[in-house]
1. Kindly indicate which of R137, R111, R127 is basic (K, R) and touching a strand residue (DSSP E or B) at 6+ places or on another chain (Cβ under 8 Å).
2. Among the residues of region 139-153, are any of a type in the set (S, T, N, Q) and not in a strand (DSSP E or B)?
3. Just to be sure before I move on: is A101 closer than 30 Å to F128 by Cβ and at pLDDT below 80 in the structure I sent?
4. Give region 104-116 a look and list any residue that's at pLDDT 85 or above and either in a loop (DSSP other than H, G, I, E, B) or touching a Gly at 6+ places or on another chain (Cβ under 8 Å) (or both), or say none.
5. Using beta carbons and a limit of 8 Å, which pairs, at least six apart or on different chains, have the first residue in region 169-191 and assigned to a strand (DSSP E or B) and surrounded by fewer than 16 Cβ atoms within 10 Å (Cβ to Cβ) and the second one of a type in the set (F, W, Y) and at pLDDT below 95?
6. Which residues, counting only those in region 156-168, are out of contact with any Asp or Glu (no Cβ under 9 Å at 6 or more places or on another chain), surrounded by 13 or more Cβ atoms within 10 Å (Cβ to Cβ) and of a type in the set (G, A, S)?
Amino acid sequence: MAEEQSAQAPVSGNEPAEQADEVKFEEPKAADPLAELQAALTEAQHQAAQNRDRYLRMAAELDNLRKRTQRDLENAHKFALERFLTELLPVKDSLEMGIAAADAGQVAAIREGMDMTLKLLAMVLDRFGVREVNPARGEAFDPELHEAMAMQASAETGSGAILLTVQKGYQLHGRLLRPARVIVAKSPAGAA
């Protein structure tokens with residue numbers, strides 16, 4: 001029976017250990033929830049103020065960049081032709097000298113001056129990437145480069161070939177400025 005009592009009766013040494021375990025696992029008391037919410041609100045307000053400040057700075061930077069770009073673009077438009085015109089001024093000077101020579105009645109000097117002026121102008125245009133579109137007789141008509149002024153019956157060339165260039169065309173770096181104006185051959189009326 002003594003064994004039964006000892007089995008049923010708790011050991012006095014075990015009881016305080018169990019109670020101590022219970023005390024250890026108790027949840028700590030939570031801090032004041034209102035204070036935590038106020039701290040979180042203060043932090044969120046601080047973050048919002050920082051974000052607003054960053055936004056205003058970025059908006060100001062973007063506005064400054066837009067204004068600077070607009071100013072640069074206006075200057076580029078304003079002075080885009082400056083280099084071209086500087087190169088073209090000697091051509092004007094040469095033409096003025098030709099007019100002065102015409103007043104003096106020097107026909108040979110005028111002809112020579114006009115040739116020199118034309119060469120000078122061609123050099124300026126070449127420096128800026130301007131190329132002539134001057135199709136030769138018999139060359140095929142290309143609607144991308146040529147403008148047909150008229151069609152003329154011709155037995156010499158095939159239909160669609162260029163008979164005559166009325167006015168030269170020009171390209172700037174491969175982009176058409178003005179098409180060459182041409183007369184295009186068509187089949188003679190009698191040929192069928």
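The values are calculated or read from the model by the stated rules, or taken from the named source; none is laboratory data. This is a predicted model, so every value here is computed, not measured. When we count neighbours, we look across all protein chains shown, and the Cβ atoms used for this are built from the backbone with ideal geometry, even at glycine.
1. On the way: R111 fails: touching a strand residue (DSSP E or B) at 6+ places or on another chain (Cβ under 8 Å); R127 fails: touching a strand residue (DSSP E or B) at 6+ places or on another chain (Cβ under 8 Å).
None of the other options fit; the residue is R137.
2. The first filter runs over region 139-153 and keeps only residues of a type in the set (S, T, N, Q), leaving 152.
Subsequent filtering for residues that are not in a strand (DSSP E or B) retains none.
Checked region 139-153: no residue is of a type in the set (S, T, N, Q) and not in a strand (DSSP E or B).
3. Numbers: closer than 30 Å to F128 by Cβ: yes; at pLDDT below 80: yes.
Judged against the criteria, A101 is a match.
4. Selection gives M114 alone.
5. So the pair list comes out as L172/F128; L176/Y170; L177/Y170; R178/Y170.
6. Of everything in region 156-168, those that are out of contact with any Asp or Glu (no Cβ under 9 Å at 6 or more places or on another chain), surrounded by 13 or more Cβ atoms within 10 Å (Cβ to Cβ) and of a type in the set (G, A, S) turn out to be S159, G160.
For every residue, the table says whether it meets (1) without any contact (Cβ under 8 Å) to a residue 24 or more places away in the chain; (2) exposed (fewer than 12 other Cβ atoms within 10 Å of the Cβ).
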| residue | (1), (2) |
| --- | --- |
| R71 | yes, yes |
| A76 | yes, yes |
| E82 | yes, yes |
| V91 | no, no |
| I110 | yes, no |
| G113 | yes, no |
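Yes or no, residue by residue, for (1) farther than 30 Å from E82 by Cβ; (2) in contact with a Phe, Trp or Tyr (Cβ under 7 Å, 6 or more places away or on another chain); (3) not hydroxyl-bearing (S, T, Y):
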residue	(1), (2), (3)
R127	no, no, yes
V130	no, yes, yes
N134	no, no, yes
P143	yes, no, yes
M149	yes, no, yes
T157	yes, no, no
L163	yes, no, yes
R175	no, no, yes
